[in-house]
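Data first, discussion second: the structure below is written as structure tokens.
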Amino acid sequence: MRSDRLLLAGSALSALNTVNAYRPLATRGRGGLASFTVGWPTSEAPLLTIAGQAAVTALAASRGALSTRTGRLALAIELASWAGLGALAVEAQRSPAVLDAALAAALGARYRNEVPAVARDDAALTISELTLPSLGQRRRFLSARNVSYSDVDARNRLDVWRRADLPEDARAPVLLHVHGGAWVMGDKEVQGEVLFTEMARRGWVCVSITYRLSPRATWPEHIVDVKRAIAWTRATIAERGGDPSFIAITGGSAGGHLAALAALSANDPDFQPGFEDTDTSVQACVPLYGVYDVADLAGTGRRDIVELWERQVMKAPVSDDPKRWEQASPITRVHADAPPMFVIHGANDSLVPVDQARRFVARLHAVSTQPVAYAELPHTQHAFEVFRSVRGIHATRAIARFLDVVHTRAQLARH
């Protein structure tokens, strides 16, 4: 095929990818997964995407592709696509305004005055941070790895992140992270590092856990493991400089579901077999792009999530025991004493409908007596904070500010 026709085909695909980043072309089943797979890196790294497409276009041009009408049409399509990607990059830089407005609405307009001075995060992003999102972080704060929090299963392991200069008697606030992966995959090694690095820098102790996965595990073994990890943390974290009286929990996707459920089901004996009298309460919760209605009680259209649970997680249809499914859904567990929450979701999430977050937050606002912050990020896909992208960095900073303020207020309330 001639180079100009190849360029036209590539330009059309590039433009389609840009359109998908603005508005997912599919939001259900395998189509939704495909839409996420290509839209996720594009929306979080639009400038890098432009650079890659420009390199291909330059190569085609060197072979004479732009000398024909077809080639020039391809270039026009590429330029329009790049303009769209550039607009996405600009929008990502505006995410602090969305996040800050959510926090101000929940914590008060002057909430930033309560953020410890040593933790201020107003530094401008570097050129590399603006243009080259990364997945990994330097693990300078990883202090303990693969610590066993239970002898029930080999996956009951956790890592501890903390500053090396943190005194053993520091009583620093603690953040526990639950990884995602649709309840059937995932690991503590590949999620949360951006957040751990920021929180450890601020003087927090972070605990990142793994838990039993389906289809080998059957519900509620997943949440039981999370509860066991909370219990281990409360019992032993003081030895590592943490404060057992202030534990916050976070996680994304399936981890967001488990974090929210753990926060709303403190000390529930059904989720604590053999350790029913152990305190598993948490003092704050930050669920990200989580599933809050596993039975799809509101009919959001994501029957594939329900089907996954019926086949591999719950291993029984909803009709067999509707109450059991309701008990597994955070939206049905909301109560007045829910801990402070900061819910974040992408408006373009093609794996978990943003409507789930909206309804969950509406329920929290109607019932909870504690602060509830909600940030819905425009043109943002699932798993946005996994990258150390512009949006990921700003989301991490906002989460850190929320947790710092909630912790500061908890300390003041004690004295």
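Where a number appears in this text, it was derived from the coordinates with a stated rule and is not lab data. On a predicted model such as this, the values are computed, not experimentally measured, just so you know. All Cβ positions, glycine included, derive from the backbone under ideal geometry; neighbour counts span all protein chains shown.
A few comments on the model shown:
- Angle of helix 354-367 to the longest C-alpha principal axis of the chain, folded into 0 to 90 degrees and rounded to 10: 30°.
- Most mobile of A400, A34, A328 in a GNM of the chain (Cα contacts under 10 Å): A34
- For the range 199-304, the set of GluC sites (Glu not before Pro) satisfying both a DSSP loop assignment and a count of at most 14 other C-beta atoms within 10 Å is given as E276.
- Ascending count of other beta-carbon atoms within 10 Å, so fewest first, for M185, M341: M185, M341
- Trypsin sites (Lys or Arg not before Pro) lying in DSSP loop within the range 48-102, provided at most 15 other Cβ fall within 10 Å: R63, R94
- Cα gyration tensor shape for the chain, rounded if a/c is under 1.5, else prolate or oblate: prolate
- In order through the range 229-243: 3J(HN,Hα) via Karplus (6.51 cos²θ - 1.76 cosθ + 1.60), integer Hz, x for Gly, Pro: 5, 4, 4, 4, 4, 5, 7, 10, 5, 4, 5, 10, x, x, 9
- Neighbour-count order for L88, L6, fewest beta carbons within 10 angstrom listed first: L6, L88
- The separation of the range 181-256 from the range 63-120, counted between C-alpha centres, amounts to 31 Å.
- Loop-resident GluC sites (Glu not before Pro) (DSSP state other than H, G, I, E or B) in the range 155-196 with no more than 16 further Cβ atoms inside 10 Å of their Cβ: E168, E189.
- Comparing mean-square fluctuations of A89, A284, A123 from a GNM of the chain with C-alpha springs under 10 Å, the top value falls on A123.
- Between the listed residues L85, A101, V367, the Cα displaced farthest toward the positive end of the dipole of the chain, a dipole computed from Cβ unit charges relative to the Cα centre, is found at L85.
- Between helix 46-62 and the chain: long-axis angle, C-alpha atoms, 0 to 90°, nearest 10: 20
- Between R23 and A54, the C-beta separation translates, for a Förster distance of 22 Å, into a calculated FRET efficiency of about 0.40.
- Residue order, fewest to most beta carbons within 10 Å, for D277, D304, D337: D277, D337, D304
- The range 3-93 - Kirkwood radius from inverse mean 1/r over Cα pairs (Å): 13.4
- Three-way shape call for the range 335-415 based on the alpha-carbon gyration tensor, with the a/c threshold at 1.5: oblate
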